[in-house]
Amino acid sequence: MFIFKLIRRIISFVLLLIIVIPLYIAGSIWYTARHAEPVKSDVILVMGAAQFDGRPSDILKARLIQTLTAYKSNLAPVIYTVGAGAPGDRTTEAAASKNWLIDNGVKKSKIVAISKGRDTLSSTQSYASQMKKQNLNSVIIITDPYHCYRAMKMAQDLSITASCSPVKSGVASVENSGFKYLSRETGAYLAYVTVGKLGIKLSDRLLPKIAYS
């Protein structure tokens, strides 16, 4: 009888973990989305998103507007743009971001375009590598609110001190993002800290698409 009770307790404990851990992560993502504050840093980093022949998508434009606000607030002296292009693209997310910032008053010398990365992890690895080459240690990540938690975790795992300045407008803002985005980010974070830690790379693009409703 004792062995059966022990097995039941073990099963109950495992089931509890399966429920509690995702709920805890989802709660942390939800809280960070609403309370993240940028800290003065070495670099402002705008996460890439889709662009159309050099024209930023609505999601990317919202990130660039937030980047401009952070830069004009003197939170960092330089901006990094990151993101490769999709197959067949004539330009990259990083280049489209850089050109938009220049067109909106940022000096070309203050922007570093890193045309690498097709998901959060590879983008983070690319800009972290560039920062270390320049002996820079801290970053403000500009991205969507529900993306902040995972983006900061990846930077911190690469020994970069990270804070986040989430977008305040657009389809990915807190007001316009739905439960599907929160659940997607919860799954993406859990994938990163489990199979990702085993060296198995699970691209953002293998996960369900973001939904803003």
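So which residues in the stretch 71-94 are under 18 Å from the mean Cα position of the chain (by Cα) and closer than 21 Å to residue 109 by Cβ?
The answer is 79, 80, 81, 82, 83, 92, 93, 94.
For the stretch 109-123, state whether one or more residues are modelled with pLDDT of 95 or more, of a type in the set (Lys, Arg) and under 22 Å from residue 25 (Cβ atoms).
no
Output the residue which, of all residues in the stretch 97-115 that are within 19 Å of the chain's Cα centre (by Cα) and not β-branched (Val, Ile, Thr), is surrounded by the most Cβ atoms within 10 Å (Cβ to Cβ).
Filtering first and then ranking leaves 97.
Checking the structure you have, find out if any residue of the stretch 31-53 is of a type outside the set (Ser, Thr, Tyr), at pLDDT below 95, surrounded by 12 or more Cβ atoms within 10 Å (Cβ to Cβ) and in a strand (DSSP E or B).
Scanning the stretch 31-53 turns up at least one residue that is of a type outside the set (Ser, Thr, Tyr), at pLDDT below 95, surrounded by 12 or more Cβ atoms within 10 Å (Cβ to Cβ) and in a strand (DSSP E or B).
Would you call residue 68 under 17 Å from residue 169 (Cα atoms), modelled with pLDDT of 90 or more, within 21 Å of the chain's Cα centre (by Cα) and hydrophobic (A, V, I, L, M, F, W, C)?
yes
Matching residues to (1) over 17 Å from residue 140 (Cβ atoms); (2) among the basic types (Lys, Arg); (3) touching a Lys or Arg at 6+ places or on another chain (Cβ under 9 Å); (4) without any contact (Cβ under 8 Å) to a residue 12 or more places away in the chain:
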site	(1), (2), (3), (4)
53	yes, no, yes, no
63	no, yes, no, no
66	no, no, yes, no
78	no, no, yes, no
81	no, no, yes, no
96	yes, no, yes, no
100	yes, no, yes, no
108	yes, yes, yes, yes
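Among 23, 68, which is of a type in the set (A, V, I, L, M, F, W, C), surrounded by fewer than 13 Cβ atoms within 10 Å (Cβ to Cβ) and over 15 Å from residue 151 (Cβ atoms)?
Exactly one of 23, 68 is of a type in the set (A, V, I, L, M, F, W, C), surrounded by fewer than 13 Cβ atoms within 10 Å (Cβ to Cβ) and over 15 Å from residue 151 (Cβ atoms), namely 23.
For a quick check of your reading: which helices (runs of 4 or more DSSP H) sit entirely within the stretch 69-181 and have at least 2 residues that are over 20 Å from residue 56 (Cα atoms) and in contact with a strand residue (DSSP E or B) (Cβ under 7 Å, 6 or more places away or on another chain)?
Because the criterion is at least 2 residues that are over 20 Å from residue 56 (Cα atoms) and in contact with a strand residue (DSSP E or B) (Cβ under 7 Å, 6 or more places away or on another chain), the helices (runs of 4 or more DSSP H) in the stretch 69-181 that meet it are 120-133, 148-157.
The values are calculated or read from the model by the stated rules, or taken from the named source; none is laboratory data. Only a predicted model underlies this, so the values are computations on that prediction, with no experimental measurement involved. Positions of Cβ are backbone-derived with ideal geometry, glycine not excepted, and every protein chain shown enters the neighbour counts.
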